[in-house]
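Working notes, structure below.
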Amino acid sequence: EVRKHAPRSGLRAYPAIFTAPQPVAPREHWPNLVSIINDNAHVLDQLDTLHHYDTAVQCTYFVGLVDPRLYLVLIYSERRKPHDRATADFFPSILDALRHAIAFDGWYAAGHHHSHVSGPNSGNTR
């Protein structure tokens, strides 16, 4: 028997896949995150990391596009600069690993540019 589910909408359309260090997603940030993602959808595939400081909750959000429907988000409960040293070292490395860009570096170096892999760091454009 195949179960039919109604498509997710609103905040439920953005489920957390993994959270750390807490095992539960910080739901109080979900409206902010969805707004940041939706308001910046046109630039997220061009940026490596989007920085956003929300003065209302005094939190800094770093958002990166992994896949057209998958985002990596880092939340600081304080103000952080856009080029925060710890984040600048950590965030792009995790994004690249999630995008499998590192695994495909040798592929592109060998001249296999006709691959179907695409993304901001993959060598292909959208």
Counting Lys +1, Arg +1, Asp -1, Glu -1, what net charge surrounds TRP30 among other residues with beta carbon under 15 Å of its beta carbon? 0
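With the other protein chains left in place, how much accessible area per residue, in square angstrom, belongs to segment 18-108 at a 1.4 angstrom probe? Each step should come with its number before you reach the end.
Values: 5780 Å² over 91 residues.
Using a 1.4 Å probe on heavy atoms only, each residue of segment 18-108 averages 63 Å².
Tally Lys and Arg at +1 and Asp and Glu at -1 over the other residues with C-beta under 12 Å from the C-beta of LEU11: what net charge comes out?
+2
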Charge tally for neighbours of PRO92 with beta carbon under 13 Å away, counting Lys, Arg as +1 and Asp, Glu as -1, is -2
So how do ILE37, ILE94, ILE17 rank on accessible area, 1.4 Å probe, biggest first, that is with the largest at the start? ILE17, ILE94, ILE37
By average Cβ neighbour count within 10 Å, what is the ranking of 41-51, 77-87, 19-29 from highest down? 41-51, 77-87, 19-29
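The values are calculated or read from the model by the stated rules, or taken from the named source; none is laboratory data. Keep in mind it's a predicted model, so treat the numbers as computed, not measured. Positions of Cβ are backbone-derived with ideal geometry, glycine not excepted, and every protein chain shown enters the neighbour counts. Quick note on the areas: whole protein, heavy atoms, side chains included, nothing else; ligands and nucleic acids left out. Shrake-Rupley method; radii C 1.70, N 1.55, O 1.52, S 1.80 Å.
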